[in-house]
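The values are calculated or read from the model by the stated rules, or taken from the named source; none is laboratory data. As the structure is a prediction and not an experimental result, all values here were calculated from the model. A quick note on method: Cβ atoms are made from the backbone with ideal geometry, for glycine too, and the neighbour counts reach across all protein chains shown.
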Amino acid sequence: MVDFPRCRVSTWEDVDRWADRVGEQVLAAGRRPDTIVGLTRGGWVPARLLADRLGVKRVYSLRAQHWGVTATPSGKAEVTEGPSGPVEGQQVLVVDDITDTGESLELALARVREGRPARAETAAFLHISHSKFRPDYFGEEIPKESWVWVVFPWNYWEDLASLAERARGVDPDRVRAVLRERCGWDVPPEDLDELARWNARR
Ligand code: AMP
């Protein structure tokens, strides 16, 4: 577990750029799929954006579990559900947000292949160069020496909640400063206020 991972907070503009890039790569390769399988949970938004870019109507879900809470792998990756529909004879694109160890996407691809698709390829918005699995398409490569925890817009409050909790354990009066110093995450003060309301509602 990395208690205080270096963080890179990504924006919806980044997300749009990665979706454009991956969509263009798939089209340039002449490999428009007829089915997209999105890994839960990180691959759902990328899968939906790629379905829009590529004009794909059939989007399935596949549940992979690996990293339990922020920057903490929960042991071995496993596929626990899915894909949610039949893939036999289809041209499938399996999508996730990031390949870090690459185990989730690798296992997901193996699971999809069991359904005898005509073709199965993989895409991730981000790919860390130490990943043992290299997706066919990715929007950006992060060199392994520059490993970061990417805070995606769809995981913002969850990541902030778990890291702020750890920071509180270091110094409850300096949560914002601890996040800035240890994670490089300059959290807007109003977001910490919102987090307190978010926590109270849970
Ligand atoms: P992995 O099986 O290690 O390739 O990663 C599985 C999932 O964990 C990814 O789809 C992400 O949702 C999450 N994850 C792993 N590493 C990172 C990271 N460096 N930044 C953000 N999310 C990550």
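Here are the numbers:
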quantity: Residues (surrounded by fewer than 21 Cβ atoms within 10 Å (Cβ to Cβ) and under 16 Å from the mean Cα position of the chain (by Cα)) located in region 22-48; calculated: 40, 41, 44, 45, 48
quantity: Residues within region 96-130 that are closer than 18 Å to residue 33 by Cβ, in contact (Cβ under 8 Å) with a residue 60 or more places away in the chain and part of a strand (DSSP E or B), tallied; calculated: 5
quantity: Residues of region 131-155 classified as closer than 22 Å to residue 7 by Cβ and either in contact (Cβ under 8 Å) with a residue 24 or more places away in the chain or β-branched (Val, Ile, Thr) (or both), total; calculated: 14
quantity: Those residues of region 90-120 which are more than 16 Å from the ligand (Cβ to nearest atom) and in contact with a Pro (Cβ under 7 Å, 6 or more places away or on another chain), in sequence order; calculated: 90, 91, 92, 115
quantity: Residue list for region 113-149, filter: β-branched (Val, Ile, Thr) and either within 19 Å of residue 77 (Cα to Cα) or surrounded by 23 or more Cβ atoms within 10 Å (Cβ to Cβ) (or both); calculated: 122, 128
quantity: Residue within region 184-193 that is of a type outside the set (S, T, N, Q) and touching a residue at least 40 places away in the same chain (Cβ under 8 Å) present; calculated: yes
quantity: Matching entry among 94, 112, 187, 178 (being over 16 Å from the mean Cα position of the chain (by Cα), closer than 18 Å to residue 63 by Cβ and at pLDDT 95 or above); calculated: 112
